[in-house]
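First up is the structure itself, then whatever we jot down about it.
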Amino acid sequence: MQGVNVKSEIGELKKVILHRPGDELLNLTPNTLEELLFDDIPFLPVAQEEHDAFANILRGEGVEVVYLEDLMAEALDTDPALREKFLDQWIYEAGIRTETYTRIIKDYMNSNYAGTKDMVMKTMAGINLQELPKKDTHLLVDMVSDRTKLVCAPMPNLYFTRDPFNMIGGGVGINRMFSQTRNRETIYGDYIFNYHPDFKDVPQYYHRDYTFHIEGGDVLNINDHVLAIGISQRTEPDAIDQLAHNVFSDETSDIDTILAFNIPVSRAFMHLDTVFTQIDRDKFTIHPGIMGPLTVFEITPDGKGGTKIRERNEDLEKVLSEYVGESVRLIPCGGGDRIAAEREQWNDGSNTLCVRPGTVVVYQRN
């Protein structure tokens, strides 16, 4: 199956990109949790066990599971020159700016990770100073640095594969992430959608080098004509304007309406899909905490190459019903109990994955 075709959040899921938690979780330390956007240190064997159970559930539903690291390796293997180009870019984006350390890290990667997939996995896991050969660089920083110091930080959020790049109808958005920690994750999508034979011809509606932030968790496909996008902690309205222009300008796209949901800016409500997801043709799960302050803006083409925007002040059910084409029901997290809803929200209670209409995968605790 070449290309992408995601025109719904609830249609029968046929193919999905996952990332199995790996050694990047072993490079999380208490001192780096905040920087790497974690609240705790996951236990890798349990994380992998849970991931494998999830992947097997999807396979049992007839879904083809492909892995981010495999697609990236296949993309790099299309041209021998891409490995060196990618390594140079990855080292630079890891914050390495000196010729000395660029050379040391590149030599280390090429000497120890000759296989393309092994090299890709190592770029995800990160490098600490004690892994590198100890050389007399005559640099003060090397004389005073702790040997466990991270030289190239890990990417422990990679298993949230929707965020760095997300499918929009027959195209893709390769995003500029809110934090520099996560923005490095988008490099894999950039290579996959520029060089992988199955995906290199997919229209790109957003690019990682654009100015404004947007993340895939804020972009939901309501149907082939309508996108819902969250204006959130991690997605700026300027990015939605740019995305709308690119989508509406593509003659191959059927999308003619974007609904921008202005959700409260907070860590708990970081993405639209953490407060609001579709689970059936006429049903959505929702965190009740966004019902009051939610404002919806309707963005459509103006027929002159620009857009027009209309603020919708009706009830959310009415707005959604109009675009879904039938009366919808909003199902609150925690059955409407405020304490239960807040607990479930912290555990992604409304972040449901629909594999076909009315069939969802959720965390057991919600």
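The values are calculated or read from the model by the stated rules, or taken from the named source; none is laboratory data. Worth saying up front: this structure is predicted, and the values here are computed from it rather than measured. Quick reminder, even Gly has a Cβ in these numbers, built from the backbone with ideal geometry, and neighbours come from all protein chains shown. Accessible surface is based on the protein model in full, side chains and every heavy atom, while ligands, DNA and RNA are left aside. Shrake-Rupley method; radii C 1.70, N 1.55, O 1.52, S 1.80 Å.
Solvent-accessible surface of the chain, averaged per residue with a 1.4 angstrom probe and all protein chains in place: 48 square angstrom. Between Glu322 and Val46, residue separation times 0.36 nm minus the direct Cα-Cα distance comes to 95.0 nm. A probe of 1.4 angstrom, applied to the heavy atoms of all protein chains, finds His213 with accessible area near 50 square angstrom. In percent, rounded to a whole number, the relative contact order of the chain is 16, using alpha-carbon pairs under 8 Å and six or more apart.
When a/c is below 1.5 the answer is rounded, else prolate if a/b is larger than b/c, else oblate, so apply that to the range 220-266 with a ≥ b ≥ c taken from the square roots of the Cα gyration tensor eigenvalues. Here the range 220-266 falls in the oblate category.
For the range 11-113, the carbon plus sulfur part of the accessible surface works out to 49%, probe radius 1.4 Å.
Global dimensions of the range 45-121 from alpha-carbon coordinates: Rg and Dmax equal 16.4, 50 Å. Annotation: average projected area of the range 1-106 is 9.8 square nanometres, based on the convex hull of Cα atoms across all directions. Apply 1/(1 + (r/R0)^6) to the Cβ-Cβ distance of Lys304 and Asp224, taking R0 = 30 Å, and write down the FRET efficiency to the nearest 0.05. My answer for the efficiency is 0.80.
Taking the inverse of the mean reciprocal distance over all distinct Cα pairs, the Kirkwood hydrodynamic radius of the range 24-177 comes to 17.7 Å.
The eigenvalues of the Cα gyration tensor, multiplied by 5 and square-rooted, give the range 282-366 an equivalent ellipsoid with semi-axes of 29, 16, 12 Å from largest to smallest.
Pairs of Cα atoms in the range 102-259 fall into 10 Å distance bins, from 0 up to the last occupied one, in shares of 10, 33, 27, 17, 10, 3, 0 percent. Sites count as exposed loop sites when they are GluC sites (Glu not before Pro), lie in a DSSP loop, and have at most 16 other Cβ atoms within 10 angstrom; the longest stretch of the chain without one is 62-250.
Principal axis analysis of the Cα atoms in the range 172-292 yields extents of 44, 33, 23 Å, listed in decreasing size. Restricting the calculation to Cα atoms, the range 222-366 shows an Rg/Rh of 0.97 when the hydrodynamic-style radius is the Kirkwood one. Counting Cα-Cα pairs of the chain in 20 Å increments starting at 0 gives whole-percent bin shares of 27, 56, 16, 1.
Helix 116-125 and the longest principal axis of the C-alpha atoms of the chain enclose an angle of approximately 80°.
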